[in-house]
Structures are given as structure tokens and as C-alpha cells.
Amino acid sequence: MRNELFSFRVITKILLLLPGCVEQIRKGRHAITFLWRTIILSLKHKTMQTYLTENQEYKQIIEDLSEVTGMLWQKGWAERNAGNISFNISHLFEDELPNTDFEPYKPLSTGYPHLSNAMLLVSATGSRMRNLAKKPYENTCIINLDSEGKRYRQMLKPELDSPLLPTSEFPAHLAIHEMLNSAGRPEKVVVHTHPDNLLSLSHIRAFCNEETLNNMLWSMQPETLVFVSEGIGFVPYLMTGSEKLAAATIRKLEKHRVVMWEKHGCLAIGNTANEAFDLLDVLDKSASIFLTCKSAGYDAEGISKEELDNLRKKFDL
Ligand SMILES: [Zn+2]
């Protein structure tokens, strides 16, 4: 039965490659060369897959990614293809690059010298968080930067029907990993998502102010001050995917681990995706308490300033 299944897969694969062969012949190239190259790439690719799946740390990273992207979907923070995620996995490849092929290098609009030779695991553009959770390999790109951090190339995944492209927020992810590396910070994961309650607050003018926003969030429950004592950084509305948004986010991340993008969503960094998720979860819970009281027709009383100061002293914040 297994042999029959294997034969079926091989025949299916060859049939899938036929249109590509016809295209190659039409362009005056050798179809056999194309077929051979594709098969070789598939075999090499298996080497890469084996390389990665045998690496315990990589396995943990994938588990972390699957768990968190699944939670983002279940929370309702990732409608359609909303949100994106990236991991700096350079430390897994310090000794050698895996035996695999990459697409040709593409230039970057700016240089990232602190990401020299970096390897990043990045969600693919258009990918759904719910699919990332179930099939992380099919919905992520493995990106390698050159020695100057001025170009990037992507690991080939020849067995996929269509090539993947990194998230449209790729420039922001690169800029953040560059800042984290240059500052010698430990965070390796960047998560962008649309948490309902925090996003709702960014539509209320009074909370488009960092001080007012953080004082309110801290006062809703003790955990928010204890776990996110630096508060949330606020970035006024800017075009999604723009370099301006990336630059404003970097400035805020110098003193915060979570940033709110007005009328868009939030971005968090952490040593793991779970760590970044926890920060967002705690903050969104505070926002939820505030809005639930409001929708019940009451204003939340909030923990007093004096009690918050006592918390700061007790936890040395
Ligand atoms: Zn978004």
C-alpha cells in the first residue's frame, strides 16, 4: 500500500511538472534539464528539511510559532490574512549554511549591517495565521541576507505549487531585527497582530496618548503593571508597510516591547513568540476590562495611583 502511494505521488509530481516542461520547450530550453534540476532540488530540499527537523532548537521554534499563530487566530486577532511573524534563527546556522539551494539574491532598499549573513524565518505574504499554525513549513519563508546585509535570498521550496514571498511588512521586521541586534538585545521574535480591545482603544482620541493610555491600562489589573511596567508605545496612524511606520516603530521599541499602531493593531517582541503573545494578552485584557465596564454603562474605577505606586515599590518596577 505504501509503495502504491509512493508511485501515485511520483506520477502526480511528474504530471504537475508537465506544464513547466512545455513552457521550457516553448522558450527553446531542454525540458529534461528542467525536470532533472527540479528533482535534484527536491532531493536537496529534503536534506534541508532533515537538517532542520533534526535540530531540537528549530523544532521548538516551530512549536512556538504554531502554538502562537493558532492562539492569534482563536483570539480573533487575525482575521483573513491579518498579522505576520518573524524569527531571527541565525544562531542555528553559525557553523554552516544548510545544503540547499536559494533563489537569486534580491536587493534591499536599505542596508542592514547588523543582519550580515542573518537567517530569518518569516511568515509568507497572504498566509493565514490559522494555516501557519497547521502547516508552518508551507506558510513561511526562510530568508538569508548577504554578508553586507544589502541583499536577501530565499530558500527554494520546489515542491510547493507556487513560490512564497515574505510578508508585506518584511521591511519593518528587518528594521526591528537590525535594531535588536545592534543594541545587543535578546529578543528574536517579532509578532504583529490585531487585538480587538487594544485596537478599539486606538479609535478613541483620549487614548491616542501614551500617558493616558498606559495609566488606564495599568489601573485595570495588577498584572499589567507587573508584566508590562514600561507600558505600550503609541505610534500615530501611518501607512501600513511604509518605511515611516517601520522607523516610528523602531523608535518606540527602544523603550517598549509592545507598540500600538493607531487604528491598525499592535506589534510585540520577545525571546519567543509565546513571550510576545503574553505581553499582548495581558494588555488586551486590561483594555477588555475597561471596555466591558463602559458597555455595561459604568466607568471602571481602576486601581488608585497610590496602590499602583505600592505595586511599583513591591516589585521594584
Ligand atoms: Zn496589520
(request) Please work out which one of (1) under 23 Å from Asn274 (Cβ atoms); (2) touching a strand residue (DSSP E or B) at 6+ places or on another chain (Cβ under 7 Å) is the condition Tyr105 fails and give its number. (result) (1)
(request) Report yes if Ile250 is part of a helix (DSSP H, G or I), closer than 17 Å to His177 by Cα and away from the ligand (no atom under 16 Å from the Cβ), otherwise no. (result) yes
(message) Let me spell it out: the conditions are (1) surrounded by 18 or more Cβ atoms within 10 Å (Cβ to Cβ); (2) within 16 Å of the ligand (Cβ to nearest atom); (3) β-branched (Val, Ile, Thr), and Thr224 meets all of them except one. Which number is the exception?
(response) (2)
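Determine, yes or no, whether Lys294 is in the same structural domain as Leu213 (by TED's automatic domain parsing), among the basic types (Lys, Arg) and within 16 Å of the ligand (Cβ to nearest atom). Show your work before the answer.
Numbers: in the same structural domain as Leu213 (by TED's automatic domain parsing): yes; among the basic types (Lys, Arg): yes; within 16 Å of the ligand (Cβ to nearest atom): no.
The answer is no for Lys294.
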(message) Can you pull out every residue in the stretch 161-194 that is within 16 Å of the ligand (Cβ to nearest atom) and of a type in the set (D, E, K, R)?
(response) Glu169
(message) Please go through (1) within 30 Å of Ile89 (Cβ to Cβ); (2) part of a helix (DSSP H, G or I); (3) free of Cβ contacts under 8 Å to residues at least 24 places away in the same chain for Gly184 and return the number of the only condition it doesn't satisfy.
(response) (2)
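In the stretch 199-212, how many are in contact (Cβ under 8 Å) with a residue 60 or more places away in the chain and either within 17 Å of Lys252 (Cα to Cα) or of a type in the set (Gly, Ala, Ser) (or both)?
Of the residues in the stretch 199-212, the ones in contact (Cβ under 8 Å) with a residue 60 or more places away in the chain are 199-203.
Now narrow it down to the ones that are either within 17 Å of Lys252 (Cα to Cα) or of a type in the set (Gly, Ala, Ser) (or both): 200, 202.
So the answer is 2.
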(message) With the structure loaded, tell me whether Ser127 is in a strand (DSSP E or B) and within 16 Å of the ligand (Cβ to nearest atom) or whether it fails that test.
(response) no
(request) Determine whether the stretch 62-77 contains at least one residue that is of a type in the set (Phe, Trp, Tyr), surrounded by fewer than 17 Cβ atoms within 10 Å (Cβ to Cβ) and not in a helix (DSSP H, G or I). (result) no
(request) Enumerate the pairs (first residue in the stretch 213-231 and touching a residue at least 60 places away in the same chain (Cβ under 8 Å); second residue anywhere and in a loop (DSSP other than H, G, I, E, B)) with beta-carbon separation below 6 Å, excluding pairs fewer than 6 apart on the same chain, so at least 6 apart or on different chains. (result) Ser219/Gly302; Ser219/Ile303; Val226/Phe315; Ser229/Leu317
(message) Any residue that is touching a His at 6+ places or on another chain (Cβ under 7 Å), closer than 28 Å to Ile62 by Cβ and buried (at least 16 other Cβ atoms within 10 Å of the Cβ) - is there at least one of those in the stretch 139-146?
(response) no
(request) Test each condition in (1) modelled with pLDDT under 95; (2) in a loop (DSSP other than H, G, I, E, B) for Glu138 and report the one that comes out false. (result) (2)
(request) Given the conditions (1) within 16 Å of the ligand (Cβ to nearest atom); (2) in contact with a Ser or Thr (Cβ under 8 Å, 6 or more places away or on another chain); (3) within 15 Å of Glu210 (Cα to Cα), report the number of the one that Ala287 does not fulfil. (result) (1)
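The values are calculated or read from the model by the stated rules, or taken from the named source; none is laboratory data. Note that this is a predicted model, so its numbers are computed, not measured. No Cβ is skipped: glycine too gets one built from the backbone with ideal geometry, and neighbour counts run over all protein chains shown.
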